[in-house]
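Note sheet for the following structure.
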Amino acid sequence: MLEKILQRLRNAKTSGAQPQTSEFDHYFNAIQTQVIDSTEYLYSYHHLPFKDCEEYQQLKKLPALQKIAALEALMNKINSYDLDTRDYNNPNKQANYIYSRLIEALLKTRIDFPIDYSFSDLFSLLYHQGRKNKLALNDGPFGYFATQIEKHVKRHGPQTHIAEDIEELLANKLIKPHINGNEGNYYWGPDIGKAIQKLQNALTSANANGEQQVPSYKFSSGRFGQIARQAFETSNLTNDNNWNSLLRHLSTAKAGKPSKKFLTTSSQLIDQIGIKPYKKLVNQLFKQLVELEVIITQRTSNYNGQEYVYHNYEYIESGCYQLLKGLIWSMSRFHDQESVQNIAKLTEKCFEKIPDHGPVALAVGNAGIYTLAQSKGLGGIGHLSRLKLRVKQNSTQKLIQTYIDQQAEKLGIKPAQVEEISVPDFNLIEGKISIPFNDFSLQIKVSGVNQVEQIWLKPDGVQQKSVPAFVKNDKALNDNLKKARATVKQIKQNLSTQKDRIDRIYTDVMEWTITDFEQYYLKHGLVSVIAQKLIWSFDEKPLLYINEQWQDVSGNAVNIDPNAKVTLWHPLFSEAEEVLAWRERLDYLGIKQPIKQAFREIYLLTDAEINTRIYSNRMAAHIIKQHQFNSLAATRGWKYTLQGAFDNGADGELAQKYLPAHQLTAQFWINELIDEDGQYTDVGIWYYVATDQLRFCDQSGEAVELADVPPLLFSEIMRDADLFVGVASVGNDPQWQDGGPDGRAAYRDYWHSYSFGDLSEVAKTRKDVLEKLLPRLKLRDVAHIDNKFLIVKGTKHTYKIHIGSGNILIMPNDRYLCIVPSRSKDKNLNNVFLPFEGDNGLSIVLSKAFLLAEDNKIKDPTILSQL
């Protein structure tokens with residue numbers, strides 16, 4: 001009886017006749033009636049409430065052949081409807097929508113199709129082929145359809161006729177264009193790509209005993225697909241069974257991290273190919289992806305007479321993410337330096353930020369983080385430590401920290417110690433390494449945090465300015481030169497990371513034995529460049545390492561107790577006279593500290609904060625640029641989520657920093673600026689937000705008395721907050737004198753109060769430095785400091801430069817002068833000795849002073865029009 005039903009339905013499908021009333025109409029009608037009665041607006045539901053319908057539950061439990069007959073009956077019903085109407089209350093239109101969702105729901109259930117069933121016929125019926133109302137591939141339940149075929153193959157094993165049926169499907173004119181399509185450009189792309197991959201994998205499994213040729217893996221037509229296809233064609237691997245089997249397996253990488261079975265199968269397939277050729281090709285692909293630039297395209301749109309500009313950013317197509325994840329995961333069994341470095345570089349590339357979008361390839365980047373964490377030794381963790389400071393996404397930082405914590409637990413040490421012992425030294429000795437090139441040598445010399453010199457030496461030791469010709473003309477030597485330059489780039493990146501890490505040590509309560517201190521800091525090939533310019537305390541006695549001996553603030557040599565405990569000195573624990581003496585000593589020695597240490601700001605508890613008890617308003621009521629603040633916060637280890645116009649006016653968002661050494665969390669409250677003319681990005685993120693109170697909470701979330709917070713911790717957290725305000729405040733923007741984009745009075749008042757108001761602690765330190773510097777500069781005869789201003793006498797006017805904001809007033813009537821700082825380095829500062837690195841505001845103040853001292857040489861028309 002059931003076979004007759006199926007045959008009659010198939011005849012209706014092929015003949016084009018109207019389907020007759022089926023044996024399942026009582027199910028369909030009851031389901032349709034109940035759905036319409038239980039939904040307020042039918043078309044707003046994608047998943048209709050079938051589960052509450054008794055008739056649907058009965059359909060689900062039908063024997064396989066009856067369920068198949070019901071499916072085909074539904075499809076024939078849909079094919080019979082004339083849907084050329086915009087009336088959404090039309091009964092046929094409603095039935096079409098409900099029955100389409102019902103087909104999808106049934107395809108999610110288990111259906112044991114007969115072994116000789118034709119899925120290509122079912123596909124034609126499902127997608128109305130041969131009918132007027134044809135569907136596009138993404139309009140139907142293609143993913144669930146492919147899953148049924150996948151399970152069908154698993155149930156019945158290799159069968160030639162099943163393989164032929166799948167081949168016919170893949171050749172279907174509706175599916176074929178998507179096999180090599182760049183689906184990543186469309187929201188449905190990844191789902192269709194995954195479904196097609198399922199069919200291709202099922203075809204491989206269906207080929208009897210695996211003896212037949214495995215179909216070539218079909219790469220997408222996107223940027224990654226083109227790179228991979230070319231690599232395989234060049235290596236004559238397009239028709240290689242082992243490679244195609246492996247690629248099909250790797251492209252099933254769906255989860256957040258690989259299963260044991262996935263990795264085992266990957267390793268077995270890689271062994272069949274050969275480890276050496278596999279690593280060679282995959283590393284080649286990774287290198288090409290690292291060098292691939294993000295393409296930016298622009299389009300405009302007009303609406304109501306106003307033109308809108310939109311930008312599209314393209315790195316690689318999302319349809320290839322699963323394959324790339326699989327490739328990266330498969331490399332977790334290899335721990336050689338080249339593979340680990342390539343994975344680290346690709347991971348960092350994937351976290352490059354696209355404006356108003358996020359990372360260029362988040363899923364691929366997370367796969368890289370997993371693989372680096374599995375690396376033997378500490379090389380992978382070292383890369384993760386560096387990535388943690390460069391990546392801005394909270395979720396990614398949390399993931400990296402989780403892996404660092406796991407490694408710390410294995411070793412029985414603090415997470416901060418894992419980061420310090422995993423720092424690569426690049427075979428440097430006291431910041432130097434010499435690489436031979438025949439009789440010549442290339443000396444790599446680290447002379448500062450941002451300075452790595454490359455010096456060519458002739459056989460007689462005489463310096464040569466350019467790369468020797470024989471190196472350029474010899475492929476092997478040229479390849480070695482490329483490796484050396486890559487090493488220089490890594491040294492620069494790691495130096496920057498270590499500087500930032502050491503700058504944050506104060507909140508980690510770190511101390512070392514002499515042995516550990518020398519190994520990881522003083523004598524470390526890379527870190528020593530930073531450590532030897534800092535002041536360290538030995539059993540609370542501050543000393544500086546000069547000429548391979550420890551000296552006190554007076555320059556006297558000091559013998560170190562071998563059992564002494566070492567900490568990083570902080571000026572909070574010294575009297576003011578001693579701090580000033582250390583500044584004088586560093587200045588005398590000409591030491592430029594890589595972090596602000598001797599000149600570090602100190603924040604002590606104020607009377608107002610004692611009265612408020614559990615919070616500080618010292619950094620409250622500032623208007624800051626939200627995106628800039630977010631980036632700064634991430635760099636300093638704070639977690640913050642951008643606020644937007646979609647928050648319904650909610651305020652009180654928190655920037656938080658967990659401090660494990662103290663089991664406290666610092667909270668800096670950030671509020672939205674709510675007004676009718678709110679400024680926000682295309683995706684609704686506010687450009688500007690306002691700061692509020694700062695507090696500390698214990699592990700239960702309860703606020704802690706500020707008087708109970710360790711003084712060093714309080715000072716460092718307040719310093720972070722001051723940094724956020726000092727850098728991100730709109731008061732620093734010289735173009736905000738009229739109150740920002742819309743000239744709002746409240747913003748204008750804030751801008752004036754910040755731009756020319758009292759100096760912050762950071763600005764006070766800047767003033768101290770200027771007082772020492774000014775007598776040595778050629779400005780000394782035309783400039784002096786008056787309270788919070790640097791006064792500069794030019795040939796046309798006398799100018800007041802605010803030492804905090806860098807904004808300018810023209811005397812005597814305090815007329816505002818807008819000068820936007822140049823992004824390029826001012827040559828006037830090349831020979832100016834600054835006692836520490838990192839204060840861009842100091843450079844801006846000095847640059848403007850040099851410019852205005854010779855205002856008769858100014859050629860910029862924007863500035864001239866204001867003078």
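Assorted remarks:
- Convex hull of the range 538-652 built on C-alpha atoms - directionally averaged projected area, nm²: 11.4 nm²
- Burial ranking of peptide ranges 380-391, 749-760 (average Cβ count within 10 Å, highest at the top): 380-391, 749-760
- Counting all C-alpha pairs of the range 281-414, share separated by more than 20 Å (%): 49 percent
- Computed from the alpha carbon positions, the gyration tensor of the range 368-520 leads to an equivalent ellipsoid with semi-axes of 35, 18, 13 Å, biggest first.
- In the context of the full set of protein chains, residues of the chain present 48 Å² of accessible surface per residue (probe radius 1.4 Å, heavy atoms only).
- The chain: Rg to Rh, with Rh as the Kirkwood radius over Cα pairs: 1.05
- Using Cβ point charges alone (K and R +1, D and E -1), the dipole size of the chain about the Cα centre works out to roughly 2660 debye.
- Computed Kirkwood radius, in angstrom, where 1/r is averaged over Cα pairs of the range 59-115: 12.3 Å
- Ranked by the mean number of other Cβ atoms within 10 Å of their residues, highest first, the peptides 600-611, 516-527 come out as 516-527, 600-611.
- Radius 11 Å from Cβ of ILE433, net charge of other residues (Lys, Arg +1; Asp, Glu -1): 0
- Relative to the dominant Cα principal axis of the chain, helix 223-234 is inclined by about 80°.
- Only lysines eight or more places from LYS260 in sequence, or on another chain, were considered; those with a Cα closer than 20 Å are LYS325, LYS376.
- Cα centroid separation, the range 265-296 to the range 620-635 (Å): 39 Å
- The range 449-591 - convex hull of the alpha-carbon atoms, volume per residue in Å³: 154 Å³
The values are calculated or read from the model by the stated rules, or taken from the named source; none is laboratory data. Remember, it's a predicted structure, so these values are computed and weren't measured experimentally. Positions of Cβ are backbone-derived with ideal geometry, glycine not excepted, and every protein chain shown enters the neighbour counts. Protein only, heavy atoms only, side chains kept; ligands, DNA and RNA dropped before computing areas. Shrake-Rupley method; radii C 1.70, N 1.55, O 1.52, S 1.80 Å.
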